[in-house]
Amino acid sequence: MTSTPSGPRPSRRSETSRRAILGAAFELVGEVGYAKLSIEAIAARAGVGKQTIYRWWPSKGAVLFDAFLALATDGQADTTLPDTGDIAADLKHVLRATVDELTDPRFDLPTRALNTEVAHDPALAADYVERLDRPIKELKKQRLRSAQRAGEIASDVDLDVAVELLFAPLFQRWMLRSGPLTPEFADAVVATVLAGLRPRQN
């Protein structure tokens, strides 16, 4: 993922502390939940003073967000989209991977906490869109553009809408716990959405 960070820029000597803080925030929110997460607890787990955290981040939500970014930039989260020439197969692969991530116990509570905080903090929401959501969405659109060039998707499809149609059902079912989030559901979403995106036959 390529993005321009607007968060903390610690010196090389502080990199160890930064990583310890981000790791502590991610671990703790999974253990105690976001409501009980505190800067003091993060500092204690990371072995730093809380003023060190406040010098780099304005809130615990901002710390948690940078913890998610660290996962992506450290290669622990795959943000690339395959392009095998078969858009249906590629989208099923990506949506199934999304299902796996959302249902992974290690990521469930931290991801819910981040989404909750983004919903309540306009500044964090803007940072989230700029540094994470928009770059990843552009990668998804690039894959759909390739499918348009190959004639697998109609040339007049609004790709921003197409991305929302593909991924929003997964996030809604996960966030609201409104039904089982399974690979089969991911496949059904892909089949349903592509039925509307295919070139129209005259």
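Bear in mind that the values in this text are calculations on the coordinates, not laboratory data. Because the structure is a prediction, the values reported are computed rather than measured. Cβ: placed from backbone, ideal geometry, glycine included. Neighbour counts: every protein chain shown.
Observations, loosely collected:
- Directionally averaged projected area (the stretch 12-73, Cα convex hull): 3.9 nm².
- Counted charge near Pro105, where neighbours are those whose Cβ lies closer than 15 Å (Asp, Glu -1; Lys, Arg +1): -3
- Three-way shape call for the stretch 87-197 based on the alpha-carbon gyration tensor, with the a/c threshold at 1.5: oblate
- Normalised contact order of the chain, rounded percent, pairs of Cα under 8 Å and 6 or more residues apart: 23
- If you run the Gaussian network model on the chain, springs between alpha carbon atoms under 10 Å, then out of Arg106, Arg45, Arg55 the most flexible one is Arg55.
- Centroid-to-centroid separation of the stretch 93-128 and the stretch 24-47 [C-alpha atoms, Å]: 17
- Computed from the alpha carbon atoms alone, the convex hull of the chain holds 127 Å³ per residue.
- Only Lys, Arg (+1) and Asp, Glu (-1) charged, at Cβ; the chain dipole about Cα centre in debye: 560
- Relative contact order of the stretch 131-202: 36 percent, from C-alpha pairs under 8 Å at least 6 residues apart in sequence.
- Whole-number percent relative contact order across the stretch 12-73, with pairs defined as alpha carbons under 8 Å at least 6 apart: 40
- Listed values for the stretch 95-109 are Karplus-derived 3J(HN,Hα) couplings in whole Hz (6.51 cos²θ - 1.76 cosθ + 1.60, θ = phi - 60°), namely 5, 5, 5, 5, 4, 4, 5, 5, 9, 6, x, 5, 9, 4, 5, and x replaces Gly and Pro.
- Panel order for Leu166, Leu71, by other beta carbons found within 10 Å of each beta carbon, from fewest to most: Leu71, Leu166.
- Shape call, the stretch 74-147: gyration tensor on alpha carbons, a/c limit 1.5: oblate
- Cross-link pairs Lys36/Lys60; Lys60/Lys141; Lys36/Lys137; Lys60/Lys137 - those with Cα-Cα distance over 22 Å: Lys60/Lys141; Lys36/Lys137; Lys60/Lys137
- Dipole of the chain [Lys/Arg +1, Asp/Glu -1 at C-beta], most positive-end residue of Thr192, Ser14, Ile153: Ser14
- Net charge contributed by nearby residues that have their C-beta within less than 11 Å of Asp133 (K/R +1, D/E -1): +1
- As a calculated quantity, the FRET efficiency between Ser14 and Leu176 at R0 = 35 Å, using C-beta atoms, amounts to about 0.30.
- Per-residue 3J(HN,Hα) values for the stretch 183-188, derived from phi via the Karplus relation 6.51 cos²θ - 1.76 cosθ + 1.60 with θ = phi - 60°, read x, 5, 5, 4, 4, 5 Hz in sequence order (x marks Gly and Pro).
- Test item: Cα-centred dipole of the stretch 87-197, Lys/Arg +1 and Asp/Glu -1 on Cβ, debye: 180
- For the stretch 113-202, the list of trypsin sites (Lys or Arg not before Pro) that fall in a loop by DSSP and count at most 11 other C-beta atoms within 10 angstrom reads Arg177, Arg200.
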